[in-house]
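Student: This is the structure I have questions about; it appears just below.
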Amino acid sequence: VQLQASGGGLVQAGGSLRLSCAASGSIFGITFMGWFRQAPGKQRELVAGLLSGGSTNYADSVKGRFTISRDKNAVYLQMDSLKPEDTAVYYCNVVRSATKFWGQGTQVTVSS
């Protein structure tokens, strides 16, 4: 599985961004699509995940502000009411046959 992420950038606090990640290659049997992020000096953390059955989960810090969705072979992360603490490199992640695949990171910077 190859993943191509896009949509990061610089935004002021309170603004919005939409991240996209397109999956290609051997995509049959994907069971999870999600987004992680890693801020400087911190561990990578799950931001939002979407299971193949349709259930979602979100980090407490983004609940009510971020929305994950999927359209065929792409996964999206709509980020609203952004805060400076959302600043990080965001990575899309896909699981297929118990194997994790990662996209290249995309930088999100939220200025105060």
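Student: From the convex hull of the Cα coordinates of the chain, what is the mean projected area in square nanometres? Show your work: numbers first, answer last.
Tutor: Numbers: hull surface 25.8 nm².
Mean shadow area of the hull around the Cα atoms is 6.4 nm².
Student: Given the stretch 8-112, what count of lysine pairs have C-alpha atoms under 22 Å apart, with each pair 8 or more places apart or on different chains? Please report the intermediate quantities before stating the final value.
Tutor: Values: LYS42/LYS63; LYS42/LYS83; LYS42/LYS100; LYS63/LYS83; LYS72/LYS100.
Eligible lysine pairs with Cα atoms under 22 Å apart amount to 5.
Student: Residues of the stretch 92-112 with backbone nitrogen within less than 19 Å of a virtual label 7 Å along the Cα-to-Cβ line of GLN2, please, listed as ranges.
Tutor: Those under the cut-off are 92-96, 100-106.
Student: Right, here's the next one. Working with all protein chains in place, sort ARG65, ARG44 by solvent-accessible area computed with a 1.4 Å probe, largest first.
Tutor: I get ARG44, ARG65, largest accessible area first.
Student: Full-extension gain between LYS63 and THR31, please, as 0.36 nm times their residue separation minus the C-alpha to C-alpha distance. Spell out each step's value before the answer.
Tutor: On the way: separation 32, 0.36 × 32 = 11.52 nm, distance 2.20 nm.
The LYS63-THR31 span can extend by a further 9.3 nm.
Student: Could you identify which residue out of GLN12, GLN43, GLN78 has the top mean-square fluctuation in a GNM of the chain using Cα springs shorter than 10 Å?
Tutor: Greatest mean-square fluctuation among the candidates belongs to GLN43.
Student: Expected output is a single nm value to one decimal: the length gained when fully extending between GLN43 and ARG18, i.e. 0.36 nm times separation in residues minus the C-alpha distance. What is it?
Tutor: On the way: separation 25, 0.36 × 25 = 9.00 nm, distance 2.26 nm.
Roughly 6.7 nm would be gained on extension.
The values are calculated or read from the model by the stated rules, or taken from the named source; none is laboratory data. These numbers were taken from a predicted model, which means no experiment stands behind them. In this analysis, Cβ positions are derived from the backbone assuming ideal geometry, glycine residues included, and neighbour counts consider all displayed protein chains. Ligands, DNA and RNA are stripped out before the accessible areas are found, and what is left, the full protein with its side chains, is counted by its heavy atoms. Shrake-Rupley method; radii C 1.70, N 1.55, O 1.52, S 1.80 Å.
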